[in-house]
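First up is the structure itself, then whatever we jot down about it.
The values are calculated or read from the model by the stated rules, or taken from the named source; none is laboratory data. Note that the structure is predicted; figures quoted are calculated from it, not measured. When we count neighbours, we look across all protein chains shown, and the Cβ atoms used for this are built from the backbone with ideal geometry, even at glycine.
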Amino acid sequence: MDLLIEGFKQAFLLLIQGDPEMITITVLSLIVSLTATAISLVLGVLLGTAIGLTRFWGRRFIISLINTGMGAPPVVVGLTVSIFLWRSGPLGFLHILYTPQAMIVAQIIIALPIVTGFTVATIQQVDAKLRLQILALGASRFQFLWLLLREMQLPLLAAVMAGFGSIISEVGASQMVGGNITDQTRVLTTAVVMEVSKGDFGLAIALSIILMLIVFAVNVLLTIIQQRGKVQ
Amino acid sequence: MANNRSICPLEAKDLSVTLDGKEIINIPSLQVRPGEVLVVMGPNGSGKTTLLLALALLLKPTAGTILYDGKPVADQSSVLQIRRRIAVVFQDSLLLNMTVWDNVILGPHLRGIKGEEANERTRRWLERFGIASLAKRPAKTLSGGEAKRASLARAFVLNPEILFLDEPFNSLDAPTRQALIEDFQGVVHETGVTTVMVTHDRNEALALADRIAVLMDGRIRIIGTPQEVFAFTEDEKVAKFIDVGNVLRGTVDSQTGGLARVKVGNLEMEVVSDLSAGIPVAICLAYEDITLLLPANQTVSSARNRFVGEINKLLPIGSQVRVTVDCGFPLVAVITQRSRADMGLELGQKIIASFKASSIHLIPHQKSTDIHESGKSSEIDSRS
């Protein structure tokens, strides 16, 4: 019990004082995960829309792959990305292993199937006649896609929430491809794991509280937007 | 209104749509005349919506050609250009998740009409359909009737050359529907827009159509003015669907100078017809053409046919009553509620059903059901 009380006391002090290491870790976490979420959103929505609106041979197989990817373990993703980015690997010439870029790549691979899967499911739920109505209004292909996505904005927010939530909280892939290097690739989750292994529960608790606050803040924001849309 | 000599704004040739190996529609030829309201009538599953979508270039036909202003629709770019000259209203209002104003002005914006012209058009059509006060309301909060008005305003704001409607008044309650049909009728008359509407509703078709095409099993069975279609249909299935009235089976027993005696069961009726003896026929008789008389109070009349029967069904429909009389075969007559009250009609009561020989329309029983223009019976006869 003393350990817990002491840990929270120390965490409270770190948070109040604005510990520089803690701030660096938090900022890097946000940069990596928000960048990965934004890229996944763009790619996932485009990919999901294309798969949702077209019929081609092997479509069902691809959708099952995407659905499988939605539950892919981050350590497996980390392992795969590490192999590809390894010096002797197929993409070794990029020299980005153990950099934030590598972590962004790994997190995109985790979030992309989630956003794509949500988009495919949402597109399939849009009334087929509504699609025809948009075309009948004289929409060009681009206008059609824009209006369709506009109609889907609420479910897509859910995709953003799910995607961001999955990558801000993953540790396996970030640890493997980032290496948890101080001031370079150390993010909230990898730092928590390391501090716990060192027995420094104060910093670990402080970082965990920040992690929880970030996840909470992002979800509160998106939920407010979503509910406002529903009320309208 | 219709003009055969000008170029048809819309025409289909050898049009066929097959889905999952099943042929949904097969239309050798269909022409929409400038400024007319063509109503395609058909039962559920007859292919009405498929035909409408194909004509509006929202569904690629399996085979055949669609011509706009006499020119075949060729490539994808011309599809978009033509779509920007037409408007479609579906059964569901299908408004987007934005305000009523934004929904109505969306079409002009998509077609490159911006600024004051788009605003002015939107204002005008919102007012015309009586929903200007709802302009700022989110479209999803509208009632069924209001949403339908918004979807009609969204179509007319486009100033379309051809307007397509897919059972637009179907899901509305009776008073809302009636009011909207009247408004729509007025707008179509004012604008003179060429209109293609599909419906299964006989009364809608009669209220709005310049011409009616009856579509059954994916084929147009008859096309013509409402009078032609309802009075001279040559197809028993069509007659039953469009509810021309009583449709009975019989056989021409004898023929004397244009007056045929037709046997129905053990009874005979006289019909003005040139059909020869021995031909099996469907006998079509409008409900309104039957006069009911009380046996004790018969009056002399010119009606050649009189049958005594027993009332076995009384079905009130608004201000009218459908009376089914069993005369050895069932005959349905429509009379007013007031007539029923005056005559004191009750179930089981004896009654006389009377009608003129000229009120009956005979359809030879094994007529061809291929596509034909109403009135061109020689085309049918040659194949029967």
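Here are the numbers:
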| item | result |
| --- | --- |
| Evaluation of B:Trp125 against (1) at pLDDT 95 or above; (2) within 13 Å of chain A (Cβ to nearest Cβ) (one fails), failing number | (2) |
| Positions within segment A:106-133 being surrounded by fewer than 23 Cβ atoms within 10 Å (Cβ to Cβ) and within 14 Å of chain B (Cβ to nearest Cβ), in sequence order | A:Gln125, A:Val126, A:Asp127, A:Ala128, A:Lys129, A:Leu130, A:Arg131, A:Leu132 |
| Top-ranked residue in segment A:67-105 [being in contact (Cβ under 8 Å) with a residue 12 or more places away in the chain and outside any helix (DSSP H, G or I); ranked as surrounded by the fewest Cβ atoms within 10 Å (Cβ to Cβ)] | A:Pro73 |
| The listed residue being at pLDDT 95 or above, surrounded by fewer than 17 Cβ atoms within 10 Å (Cβ to Cβ) and either under 24 Å from B:Asp217 (Cβ atoms) or within 14 Å of chain A (Cβ to nearest Cβ) (or both), out of B:Pro43, B:Pro28 | B:Pro28 |
| Only listed residue being surrounded by 22 or more Cβ atoms within 10 Å (Cβ to Cβ) and either of a type outside the set (Gly, Ala, Ser) or under 22 Å from the mean Cα position of the chain (by Cα) (or both), chosen from B:Ala207, B:Ala260, B:Ala213 | B:Ala213 |
| Yes/no for B:Val104 being more than 9 Å from every other protein chain (Cβ to nearest Cβ) and more than 19 Å from B:Val187 (Cβ to Cβ) | no |
| Helices (runs of 4 or more DSSP H) wholly inside segment B:141-232 that include at least 2 residues being modelled with pLDDT under 90 and at negative phi | B:174-191, B:202-208, B:226-232 |
| Only listed residue being of a type in the set (Val, Ile, Thr), assigned to a helix (DSSP H, G or I) and touching a Phe, Trp or Tyr at 6+ places or on another chain (Cβ under 7 Å), chosen from A:Ile134, A:Ile108, A:Ile167, A:Ile114 | A:Ile134 |
| Test for B:Thr176: is it within 14 Å of another protein chain (Cβ to nearest Cβ), surrounded by fewer than 18 Cβ atoms within 10 Å (Cβ to Cβ), of a type in the set (Ser, Thr, Tyr) and free of Cβ contacts under 8 Å to residues at least 60 places away in the same chain | no |
| Residue satisfying all of: in segment B:50-72; over 20 Å from A:Arg131 (Cβ atoms) and of a type in the set (A, V, I, L, M, F, W, C); surrounded by the most Cβ atoms within 10 Å (Cβ to Cβ) among these | B:Ile66 |
| Lone qualifier among B:Leu152, B:Leu96 - being more than 9 Å from chain A (Cβ to nearest Cβ), closer than 28 Å to B:Lys48 by Cα and touching a residue at least 12 places away in the same chain (Cβ under 8 Å) | B:Leu152 |
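Here is a yes/no grid of residues against (1) in contact with a helix residue (DSSP H, G or I) (Cβ under 9 Å, 6 or more places away or on another chain); (2) part of a loop (DSSP other than H, G, I, E, B):
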residue: B:Leu59; (1), (2): yes, yes
residue: B:Ser77; (1), (2): no, no
residue: B:Ser93; (1), (2): yes, yes
residue: B:Trp101; (1), (2): yes, no
residue: B:Val104; (1), (2): yes, no
residue: B:His109; (1), (2): yes, no
residue: B:Ile113; (1), (2): yes, yes
residue: B:Glu120; (1), (2): no, no
residue: B:Leu126; (1), (2): yes, no
